[in-house]
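Where a number appears in this text, it was derived from the coordinates with a stated rule and is not lab data. Since the model is a prediction, treat every value here as computed from it, not as a measurement. Note that we place each Cβ from the backbone using ideal geometry, even for glycine, and neighbour counts take in every protein chain shown.
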Amino acid sequence: MSKHYSRRDFIKTTGMSAAALAALRHLPGYSETEKRPNIIFFIADDMRPEMFNFLPQGKGKNLTPNLDRLAREGVIMRNQYVVSPVCTPSRYNCLTGRYASRARNKAFTDFTAKQQGQTVIQWNSYLAEGEDTLARRMQRAGYKTGMVGKNHVVEVTDLYRFPSYDLDARQPEVEAKLVENAAQIKAQVKKAGFDYAESLYQDNPDFIGLTEVAVQNLDWIAQGGVDFIEQNKDEPFFLYFATTVPHGPTEAERSWNANPLITANGYLDEPLDVLPPRHTLPERIAAAGITEKDKENILWLDDTLGALIAKVEEHGLDDNTIIFFFNDHGQEAKGTVYQGGVYNPSVIWRKGGFACGSECETQVSNIDFAPTILDFVGAGYGSDAFDGKSFIGSLAGKKVASENSLYFELGFARGVLKGDWKYIAVRYPDYAQNMSLEDRRKVLDKYNEGRRFRRMVLVNEDDPSLPYSHLEVIPGGGHAEHETYGKKPGYFDLDQLYNLAEDPQELTNLAKRSDYAERLTGMKKEMQKHLDKLPGKFVL
């Protein structure tokens, strides 16, 4: 499709709603005759609040000039939420605009069948082949699409599993298996609607299967993103760019100070020069007067963002590019639907900013990204295409009055937020509630065996009698949710009610108090409205 294909031309051929078009026309610098905007969706992995200078917890603690620029010149979405706060379903939410309980991949549906029909959202809600993703919709809108970095959302089955973590990645037969796996990942990502798929990690580095290559390489990921922009600078493009940082491994020798030749596909012939030299990371941090320790990976991530911005500016595309900066989920209560897991401010940038100003207070969810992006590019979609709703009107400065609630789902927990009130329900299938101590021991041993194979720290090795977490039927919980497991006073209560205005840390469960019975009933009804629209059984 020609680079001269304008918004006006495109809108004529789509079903874009009148409301979306009206909101689009209110955005600064909007013109129906200019080219449609390029979209970069930058998604980081496991950032914590103290890693953001624009949040109170991190103010002045980080050297992140590029992210700071986006926050300063764009808009901070102060009331951004995530539906399912672990990496796979969060990515599914972003790339479909739908709840992960709607996933159709066989691993998810088979697992649901074993849960007596209750959908259980973990790292299992992958994009099934043929699913209508945001990338596919962008392709139909005439965009070139690319995925770079961490996948962990497009289903790839039957990857070769190395029999030992100690194999030499330079041995021809081992290198061949790495290359075969990489080719299979790339092929499946392309089937999900991406024209371009490079520098891909199927999961985090520890899951590649070899100790030698289980290191971070943001230089390699950045090169993939820069190359995509270079190759598609003359056409509208959509780049989904996912870092593996700051998720572990975080130790210097396996992250910013690792061998720069090592990638998920094996060894490079020579180092890349797309980012500032790695040895300058601690030097620049010290020169900036940053006294916080272990900030190199965050600066490294920011350099990666800077490389994309620089490439956009090099080709004069900054006047017509929108950048979303999103962290996959909150990290303070990962693996739960507590606020520390689901509350997750984001940044959206465009040159000249947005009519709403530097901050937007509209309550939005990550299922809202897909329809918002499609509205930005003038692509129509059906009224039932998404669970999410476009917030382009809010960015255009329109007042949004809504009494709608936000819904959360993860593992064996569900949550609903309406106004200042939050309700959480935890329900386990009968088999889990009635599991014998012997069977609980088998579950725990199997979980620990997998962690030993990957040389990971064990969470609970000896006590099969411990309660499950909200996320997994594992006695004592798994690693992802371990920071929160049992830490909240009401954690093990099956029904939890919180007044966030008075109790933002969710420390006082009001569900058992008779004077809040009416409020509890009302919040259950609010949750039921969401459950009635979704597949699977979840009995309140």
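Some observations on this one:
- Inter-part distance, the stretch 257-303 to the stretch 330-367, computed on C-alpha centroids, equals 27 Å.
- Modelled label positions at F492 and R69, each set 7 Å beyond Cα in the direction of Cβ, lie 5.2 nm from each other.
- Reported to the nearest whole Å, the Cα centre-to-centre distance from the stretch 403-418 to the stretch 452-472 is 26.
- Summing charges over neighbours of Y240, with a neighbour being any other residue whose Cβ is under 11 Å away from its Cβ, gives +2 when K and R count +1 and D and E count -1.
- Working from Cα pairs under 8 Å separated by at least six residues, relative contact order for the chain is 22 percent.
- Protection proxy ranking, peptides 127-139, 53-65, average beta carbon neighbours within 10 Å, highest first: 127-139, 53-65
- Debye, to nearest 20: dipole size of the stretch 349-503, +1 on Lys, Arg Cβ, -1 on Asp, Glu Cβ: 560
- Pairs with C-alpha atoms separated by more than 28 Å, drawn from the list K114/K524; K186/K529; K106/K191; K186/K533, are K186/K529; K186/K533.
- Mean Cα-pair separation over length for the stretch 412-531, i.e. relative contact order, pairs under 8 Å, 6 or more apart, %: 26
- For the stretch 266-352: rounded, prolate or oblate by the Cα gyration tensor [a/c cutoff 1.5]: oblate
- Between E359 and D132, the C-beta separation translates, for a Förster distance of 35 Å, into a calculated FRET efficiency of about 0.60.
- Listed peptides 267-280, 207-220 by packing density, highest first (mean Cβ within 10 Å): 207-220, 267-280
- Over the chain: helical MRE at 222 nm, DSSP H runs n ≥ 4 each giving -39500 (n - 2.57), nearest 500: -9000 deg cm²/dmol
- Distances between placed amide hydrogens fall under 5 Å for Y201 paired with G149, K150, N151, all partners being 5 or more residues away or on another chain.
- The mean sequence distance of close C-alpha pairs (under 8 Å, at least 6 residues apart), as a share of the length of the stretch 170-302, puts its relative contact order at 28 percent.
- Candidates C87, F111, L218 compared by Cα position along the dipole of the chain: farthest toward the positive end lies F111, with charges placed on Cβ.
- FRET efficiency, 1/(1 + (r/R0)^6) with R0 41 Å, evaluated for Q116 and D515 via beta carbons: 0.75
- Note on Y165 and A252: the extension gain reaches 29.3 nm, defined as 0.36 nm multiplied by sequence separation minus the Cα-Cα distance.
- For the chain, the share of DSSP beta bridges that are antiparallel, to the nearest 5, is 50%.
- For G388, net neighbour charge (Lys/Arg +1, Asp/Glu -1) across residues whose Cβ lies under 9 Å away: 0
- Net charge dipole size for the stretch 412-531 [Lys, Arg +1 and Asp, Glu -1 on Cβ; Debye, nearest 20]: 340
- Each Lys and Arg Cβ is given +1 and each Asp and Glu Cβ -1; about its Cα centre, the stretch 436-480 then shows a dipole of about 260 debye.
- Long-range HN-HN contacts of I322 with modeled amide H, under 5 Å: N38, I39, I40
- Per DSSP, loop trypsin sites (Lys or Arg not before Pro) in the stretch 317-416 with at most 10 further Cβ within 10 Å: K399
- Between the entries (1) 30.3, 104; (2) 24.1, 77; (3) 22.9, 70, the label attached to Rg and Dmax of the Cα atoms in Å calculated for this structure is (3).
- Amide H to amide H, with H built 1.01 Å from N, S125 comes under 5 Å of no residue 5 or more places away or on another chain.
- Packing rank of 403-409, 308-314, 470-476, 515-521, where each peptide gets the mean count of other beta carbons within 10 Å, highest leading: 470-476, 403-409, 308-314, 515-521
- K293-L507 pseudo-label distance in nm [points 7 Å out on the Cα-to-Cβ vector]: 2.7
- Across the stretch 251-260, rounded Karplus estimates of 3J(HN,Hα) from the backbone phi angles (6.51 cos²θ - 1.76 cosθ + 1.60, θ = phi - 60°) give 4, 3, 6, 10, 10, 5, 10, 7, 4, x Hz, Gly and Pro being marked x.
- Our coupling estimate for the stretch 121-138, obtained by passing each phi through the Karplus curve with A = 6.51, B = -1.76, C = 1.60 and θ = phi - 60°, is 8, 10, 9, 10, 8, 8, 5, 7, 4, x, 5, 7, 8, 4, 4, 4, 5, 5 Hz, Gly and Pro reported as x.
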